[in-house]
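What follows draws every value from the coordinates through simple rules; no lab data is involved. All values reported here derive from a predicted model rather than from experimental measurement. Heads up, the Cβs are rebuilt from the backbone with ideal geometry, glycines too, and the neighbour counts pull from every protein chain shown.
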Amino acid sequence: MNPQDIWQTVLGDIELQISRPNFLTWLKNSQFLGKADKDDGVALVGLPNNFAKEWVKSRYHKIILGSLRNVDGSIKNIDYVVVGNNAASQIVSAARRIKSEAEAVEPQAPLIELKVDPKTNLNPRYDFKTFIVGSSNEMAYAAAQAVVRDVGKKYNPLFVYGGVGLGKTHLIQATGNEIMAAYKNRVSVLYVSSEKFINDVVWAIRNKRMDDMKKKYRDIDVLIIDDIQFIAGKAATEQEFFYTFNAFYENNKQIIISSDRPPSAIPTLEERLRSRFEGGMTVDIVYPDYETRLAILKTKMKENNVVLDEKIVELVAARVQKNIRELEGVLNKITFYEQYKKGRIDDKKLDEIINEAVQVTPKNITPNDIVKTVAEFFEVPTADMTQRSRKQEVVEPRQIAMYLMRDVLKMSYPHIGDRLGKRDHTTAIHACEKITREIGENPALNQKILLIKERLYKM
Ligand code: ADP
Ligand code: MG
C-alpha cells in the first residue's frame, strides 16, 4: 500500500473512535508522510500547524499508533511534523475550488493566479498600491515606508501586530516587494512564515545541518517573519531565531516581524528576545473604520473588475467590521452569486451571506449546547461537567464552559455556578476572570476557545 492508502485506512478506523467534530477539526487535514527511515519503524504524520500537532500528539497518539500498526506492523512510533506552508496550500486549494465552481457556471471565468517568487517567497499580489491606508493602520504604514527608505537603519526590527485578517501579511509582504523594487538586485529579501522557520530549524537540528541553515539566512539582507507568536516557547527554535536575529542586527540588516499580539503579551517569549523586539519599532493595526472598509471594498471591486450596487457595498462595509479577509470573502460571495444568477442579489440572500461571515450569535444557543460542545471538544463526559466531580481533567473544560456562558449568553454568575456542578457564584466569577485573563496570555487557550465557539455557532 502507498502512504495515502494506508492513511485512508487509518483515518477510516479513527473516525469510528472519536467524535465527528474532533475528527474534522484535528485529523481531516492530516497526512501520512511515510516512514522517516526505511528500517527504524518511525512513521511521519504531518499536521497543518503547530497547535494541531501538539493537540493530536497529546490526545490521539495512542489511537493513531494502534491503527497504524494494524495496517503496518513494522511501525513502532510516530513523529509528528508540521507540513509545508499551510496558508499557501489553503489558498491554492481555495483558488482551485473557486476555479472549479466558476468553471461549472461560467466556462471562461478568469483564473486566480498565484505567482510567489521562489527566491523571496513574496507574493506580488501584496503591494502598497492596493493597500488602503486609514486611521487603523496609518502608523504601521508609515513605519513600513520608513523601513523601505532606510533599510536596516532606523526601525529595526519593525514589529507589526494586530488581530486576524487586518492586513499584517499584506503590509509586511508589500514592504518586501517595495524594497525589491527600489533596490533591484542589490538586496536580497526573504519572507518566511514562522512555521517555515520552525521547520527549517527542526530539520537542520535533526539532520545536523545547522551550518547550511546559517548560511541560508546569512546571505539575506531583509528577513520578514510572519506570525512570530508561533515561535515563542519552542526552546530550540527560539534560540536559533535569537542567533539569527542578533547576527542580522549587528550587521545592520533589516528584520520585519508580524504577530497577533505585542511582544509584551507573548509570555513564553524569552526575555532577551522580547527586549530586542521592544528595542525596535512596534506598531499595531486595529479594526478599520467604516470609510476604510468602504475604500477597501471599492479597491477590491476595481481590482476584480466587478460592479455592484452602491447600496449593497455600503451595507457590507457597515456590517462586516472586524476582519478584512471576511470583508473580501463577502464581496466574492455576492459577486459570485450575482454572476451565477445573472442579476442583483436579493436582500434575504445578502443577509444570509453577511450573517454567515460575521457569525452573529444564533439566538437559540442554550447553556446545554455550551456544556455539550465543550465536553465533546475535550472528550470528557457531560455529566462530569454538570456534577460535583473533582476530576482533574474536567477542571479546564468546566472553566471554559463557565466563561462561554458568561461571554456568549450573558448569564448571571449564580446561574452559571448552578449549571456547572452546583457551585457557588464566586467560583463562576473566578473561572470567568481567570479565562478572560489567560486568553490574552496563552495562545493555545485562545485557540481552543475560538475552535469551540466556531462549533457552537455552527450548531
Ligand atoms: P493578517 O495577516 O493580518 O491576518 P492579511 O494581510 O492576510 O491579514 O489580510 C487579509 C486580507 O485583507 C488580504 O487579502 C489583504 O489583501 C486584505 N487587506 C488587509 N488590509 C488591507 C488594506 N489596508 N487594504 C486592502 N486590502 C487589505
Ligand atoms: Mg497573516
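Tabulated values for the structure
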| read-out | value |
| --- | --- |
| Pairwise Cα inverse-distance average, inverted: Kirkwood Rh of region 290-358 (Å) | 11.8 Å |
| Computed over region 140-233, Kirkwood Rh from alpha-carbon pairs, angstrom | 14.4 Å |
| Cα radius of gyration and Dmax for the chain (Å) | 24.0, 68 |
| FRET efficiency, Q8 to N70 (Cβ-Cβ, R0 22 Å, nearest 0.05) | 0.95 |
| In sequence order, calculated HN-Hα J values of region 18-23 (Karplus, 6.51, -1.76, 1.60; Hz; x Gly/Pro) | 10, 5, 4, x, 5, 4 |
| Pairs beyond 19 Å (Cα-Cα), from K311/K348; K422/K453; K35/K234 | K422/K453; K35/K234 |
| Largest-first principal axis extents, alpha carbons of region 367-457, Å | 29, 25, 24 |
| Additional length obtainable on full extension of the chain from E54 to S135, 0.36 nm per residue less Cα span | 25.4 nm |
| Rounded to whole Hz, the Karplus (6.51, -1.76, 1.60) HN-Hα couplings of region 71-77, x for glycine and proline | 8, 9, x, 7, 7, 10, 8 |
| Residues V307 and D347, FRET efficiency given R0 of 22 Å [Cβ-Cβ distance, rounded to 0.05] | 0.75 |
| Listed residue (T335, N185, A428) projecting farthest to the positive dipole end of the chain, Cβ model | A428 |
| Span from the region 318-368 Cα centroid across to the region 15-82 one, whole angstrom | 36 Å |
| Q31-E270 pseudo-label distance in nm [points 7 Å out on the Cα-to-Cβ vector] | 3.0 nm |
| Distance between region 235-276 and region 155-208 - C-alpha centres, whole angstrom | 13 Å |
| Per-pair calculated FRET efficiency, R0 = 25 Å: R186 and E250 via Cβ, rounded to 0.05 | 0.80 |
| Kirkwood Rh, Cα atoms: Rg over Rh of region 200-268 | 0.97 |
| Cα coordinate range in region 203-354, projected on the principal axes (Å, largest first) | 60, 31, 26 |
| Dipole moment magnitude, nearest 20 debye, the chain about Cα centre, only Lys, Arg, Asp, Glu C-beta charged | 300 debye |
